[in-house]
Amino acid sequence: MPDYRSYLTDSRFWRTLKDKAQSIGLDLVYSALVLYYALQDPNMPSWARAKATGALGYLLFPADAIPDWWPGGYADDAAVIAAALGAVAMHIDDDAKRSARSKLQDWFGDGASRAALVA
């Protein structure tokens, strides 16, 4: 089993997420951004950092359980990201959520940012 954390680099994260944002879907993009920005908090415990990093690495991993090019191919990625969000939720602050909404607004416009407010 690969160490998915090794697939998470800043350049790969931004390139992949932006290039595939339309096919990944707004909810998954927002969730990935929240995890990414939560990782910027130096106070995040190491176990939470490992879970978040592994989940984001899985999203970027080119050959995961369901190939991304397959119809519904991001379902496994969404499940992994959701599980990580649930596990580390107590360590995600409002700044991470605000930053994620701001990035959505940059990429998709105001409608995306408002949609993320309900997430």
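Odds and ends about this structure:
- Ser31 vs. criteria in contact (Cβ under 8 Å) with a residue 60 or more places away in the chain and among the polar types (S, T, N, Q): yes
Residues are listed down the side, and each one gets a yes or a no for (1) charged (D, E, K, R); (2) in contact with a strand residue (DSSP E or B) (Cβ under 8 Å, 6 or more places away or on another chain); (3) more than 14 Å from Val80 (Cα to Cα):
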{"position": "Lys18", "(1), (2), (3)": "yes, no, yes"}
{"position": "Gln22", "(1), (2), (3)": "no, no, yes"}
{"position": "Ser31", "(1), (2), (3)": "no, no, no"}
{"position": "Lys51", "(1), (2), (3)": "yes, no, no"}
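- Filtering segment 99-115 to residues that are modelled with pLDDT of 90 or more and polar (S, T, N, Q) leaves Ser99, Ser102.
- Taking helices (runs of 4 or more DSSP H) as the structural unit, those lying wholly within segment 2-90 and holding at least 3 residues that are modelled with pLDDT of 85 or more and over 22 Å from Ser102 (Cα atoms) correspond to 46-60, 75-88.
The values are calculated or read from the model by the stated rules, or taken from the named source; none is laboratory data. Keep in mind that what you see is a predicted model, and the values were worked out from it rather than measured. Cβ atoms come from the backbone with ideal geometry, glycine included; neighbour counts cover every protein chain shown.
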